[in-house]
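Accompanying notes for the structure given below.
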Amino acid sequence: MSEQEFKIRLLTSNQYSEFYFYASIDELEEYLNETLAITPEQFLECYTLVQSRQFFEWIKVKSNQINQNELKETNEELKETKEPKEQE
C-alpha cells in the first residue's frame, strides 16, 4: 500500500463530524469489484457519505489484515533464526 500514490480524496463522516480520507484508484477499483459493479469514475461522481464510509471501513479491515500477515511472517522469521541457536 505504501508504494501506491494516493490520488483521490473522499469525504465521509463519523459520529462527530465529516472528514476527508485518501485512497488510491487501485484500492477503489478493488473495492468496487468486490461490492458494486460500477467504475471508479461512476462512484466518484455520485457517492454518498454512507458509501464512502463503507469504503473507508473496507480499507481499514484490509490494512489490518495486511499488518497481521506481516507480523505473522516476521514472528515466523524470528522463530526460525532462534531455533538453530537453541539446538547448539
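The values are calculated or read from the model by the stated rules, or taken from the named source; none is laboratory data. Everything numeric here is computed off the predicted structure, so don't read it as measured data. Don't worry about glycine lacking a Cβ; one is built from the backbone with ideal geometry, like all the others, and counts go over all protein chains shown. Please note that ligands, DNA and RNA were not included when accessible areas were found on the heavy atoms of the full protein model with its side chains. Shrake-Rupley method; radii C 1.70, N 1.55, O 1.52, S 1.80 Å.
Annotations
- A single member of Glu45, Glu77 is more than 13 Å from the chain's Cα centre (by Cα) and either modelled with pLDDT under 85 or aromatic (Phe, Trp, Tyr) (or both), and it is Glu77.
- Among (1) assigned to a helix (DSSP H, G or I); (2) out of contact with any Leu (no Cβ under 6 Å at 6 or more places or on another chain); (3) modelled with pLDDT of 95 or more, the one test that Phe19 misses: (1)
Here's the yes/no breakdown for (1) open to solvent by less than 80 Å² (accessible area, probe 1.4 Å); (2) in a strand (DSSP E or B); (3) modelled with pLDDT of 85 or more:
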| position | (1), (2), (3) |
| --- | --- |
| Phe6 | no, no, no |
| Leu36 | yes, no, yes |
| Gln51 | yes, no, yes |
| Phe55 | yes, no, yes |
| Gln68 | no, no, yes |
| Pro84 | yes, no, no |
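- On inspection, Glu41 passes the criterion of being charged (D, E, K, R), on the phi < 0 side of the Ramachandran plot and exposed (fewer than 10 other Cβ atoms within 10 Å of the Cβ).
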